[in-house]
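Worksheet: the structure to be examined is printed underneath.
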Amino acid sequence: MIKIQTTLPKEKRGKKSKKRVRITVLLVLGILLVFALAFGYWLYKTVMSPNVQTAGGKEVVIYIPTGSDFAKVESIISEAGFLVKEKSFHWVAQQKKYPENIHPGRYVVKDGMSNNQLVNMLRGGLQSPVKVTFNNIRDVDMLAGRIADQIEADSTSISNLLHNQKYINQLGFDSATIPALFLPDTYEFYWTTDAEGFVSRMFQEYNKFWNDERKQQAAAKNLTPIQVSTLASIVNKETNMSDEMPRVAGVYLNRLKNNWLLQADPTLVFAWKDFSIRRVLDSHKEIESPYNTYKYIGLPPGPICIPSLAAIKAVLNAEEHHYFYFCAREDFSGYHNFAKTLAEHNRNAAKYQQALNQKGILK
């Protein structure tokens, strides 16, 4: 009887088993590869693909105050409303340890930024500077308010510093002359600048402006830089016309050279601290104050406002002439009539006073 072999030889069974193992391994590897590719794609989308969508594609500025924690930052970002997926930003921020590396500041967020770009900017403290502008400032308290609207420092901290006698004395100023420190212009600051940082920067700008050439210009007129600013502040209050400022400055310099009273009406307004005065009367001239230039010869103790750069340069480049008087024009154009003699000046003044009366401006 012939026996039929129903099983494969041992050698063939071993080969078939190994083949199955290989197929199984390849299948598992294939599945893992699919999962890896899917995870990689998800990771790329989460980290690298755009997650910032701004209105109209415009830049969005966010401010992160000093002392903020991650929850505060997320609240600020959420309120700004530019993230497409907030949870993905949260995940990336956690992975990159941003919650432990928060930097306050002003940050410019651009349309199309990825979570990676946004987190790197915030974590690196790569804030964008802000342009700080100030002009037409009456005193340092007004300046403090104007600056506090543009940087993180509050107005109280700036004002207190500028009234700190010890501090401003170290800079070479006192309570009367401190307005001369500031030169109205536009400057770049980091939003996180504090009060001392702001004043320190202004001191650098002051020293940069008052180079040897300008100091020599001032000395040629027997003035110090602070005295130039003091006279410039008067010029500033006398005229808004920059092309007329050098001529007005020349009038006051002529009076100073000849030891005359300056008789500058804006100094009386400053002395009275009544900035609503539009017409200076004889009664205003009786006030007892070192700023009363109708009583005291020479310049007042300090600037009566923070003078513009145009006014400062007008004093340094004052027009040389023989005018000793000037009076606002009766056409209210903002310009003035200039005179060499008192008689001529009185005629000009009479025309202006008549114009004031006609307009009903009595004080």
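Any residue that is assigned to a helix (DSSP H, G or I), farther than 20 Å from Leu262 by Cα and of a type outside the set (A, V, I, L, M, F, W, C) - is there at least one of those in region 336-348? Even if it seems obvious, please write down each step before you answer.
In the first step, residues of region 336-348 are kept if they are assigned to a helix (DSSP H, G or I); the result is 342-348.
Still in the list and also farther than 20 Å from Leu262 by Cα: none.
No.
Does Glu330 meet the test of being in the same structural domain as Ser229 (by TED's automatic domain parsing), part of a helix (DSSP H, G or I) and not small (Gly, Ala, Ser)?
So Glu330 does not fit the description; no.
Please list, ordered by residue number, the helices (runs of 4 or more DSSP H) wholly in region 64-162 having 3 or more residues that are hydroxyl-bearing (Ser, Thr, Tyr).
155-162
Do you know which of the residues in region 163-208 that are in a helix (DSSP H, G or I) and among the hydroxyl-bearing types (Ser, Thr, Tyr) is nearest to Gly145 (Cα to Cα)?
Ser200
Mind listing whichever residues of region 272-319 are under 21 Å from Ala349 (Cα atoms), out of contact with any helix residue (DSSP H, G or I) (no Cβ under 9 Å at 6 or more places or on another chain) and in contact (Cβ under 8 Å) with a residue 12 or more places away in the chain?
Hit for region 272-319 is Leu281, nothing else.
Name, by its number, the condition in (1) surrounded by 14 or more Cβ atoms within 10 Å (Cβ to Cβ); (2) modelled with pLDDT of 95 or more; (3) assigned by TED's automatic domain parsing to the domain that holds Glu330 that does not hold for Asn258.
Status for Asn258: all satisfied but (1).
Quick one: Asp139 ticks every box in (1) touching a Cys at 6+ places or on another chain (Cβ under 8 Å); (2) within 30 Å of Gly56 (Cα to Cα) except a single one, so which number is it?
(2)
Determine which member of the set Gln127, Gln117, Gln165, Gln170 is touching a Phe, Trp or Tyr at 6+ places or on another chain (Cβ under 9 Å) and over 22 Å from Ser308 (Cα atoms).
Values: Gln117 fails: touching a Phe, Trp or Tyr at 6+ places or on another chain (Cβ under 9 Å); Gln165 fails: touching a Phe, Trp or Tyr at 6+ places or on another chain (Cβ under 9 Å); Gln170 fails: touching a Phe, Trp or Tyr at 6+ places or on another chain (Cβ under 9 Å).
It is Gln127.
Under the condition of being surrounded by fewer than 15 Cβ atoms within 10 Å (Cβ to Cβ) and closer than 13 Å to Tyr325 by Cα, which residue from region 336-357 is farthest from the chain's Cα centre (by Cα)?
Within region 336-357, the match that is farthest from the chain's Cα centre (by Cα) is Ala343.
Is there any pair linking a residue in region 217-243 that is basic (Lys, Arg) to one that is in a helix (DSSP H, G or I) and surrounded by 14 or more Cβ atoms within 10 Å (Cβ to Cβ), with Cβ under 7 Å and at least six apart or on different chains, and which?
Lys221/Leu253; Lys237/Pro266
Of the numbered conditions (1) in contact with a Lys or Arg (Cβ under 9 Å, 6 or more places away or on another chain); (2) under 15 Å from Ser308 (Cα atoms), Tyr190 satisfies every one except a single condition; which is it?
Result: Tyr190 fails condition (2) only.
Return the only residue of Asn115, Asn120 being farther than 25 Å from Ile147 by Cα and buried (at least 18 other Cβ atoms within 10 Å of the Cβ). Quick ask: steps written out before the conclusion?
On the way: Asn120 fails: buried (at least 18 other Cβ atoms within 10 Å of the Cβ).
Of Asn115, Asn120, the one residue that is farther than 25 Å from Ile147 by Cα and buried (at least 18 other Cβ atoms within 10 Å of the Cβ) is Asn115.
Looking at region 169-189, is at least one residue farther than 30 Å from Val73 by Cβ, among the aromatic types (Phe, Trp, Tyr) and touching a strand residue (DSSP E or B) at 6+ places or on another chain (Cβ under 6 Å)?
Yes, some residue in region 169-189 is farther than 30 Å from Val73 by Cβ, among the aromatic types (Phe, Trp, Tyr) and touching a strand residue (DSSP E or B) at 6+ places or on another chain (Cβ under 6 Å).
Suppose we filter Ala144, Ala195, Ala180, Ala93 for residues that are surrounded by 18 or more Cβ atoms within 10 Å (Cβ to Cβ), over 30 Å from Phe270 (Cα atoms) and small (Gly, Ala, Ser); which single one remains?
Ala93
The values are calculated or read from the model by the stated rules, or taken from the named source; none is laboratory data. Worth saying up front: this structure is predicted, and the values here are computed from it rather than measured. Because the Cβ atoms are built from the backbone with ideal geometry, glycine has one as well, and the counts that use them run over all protein chains shown.
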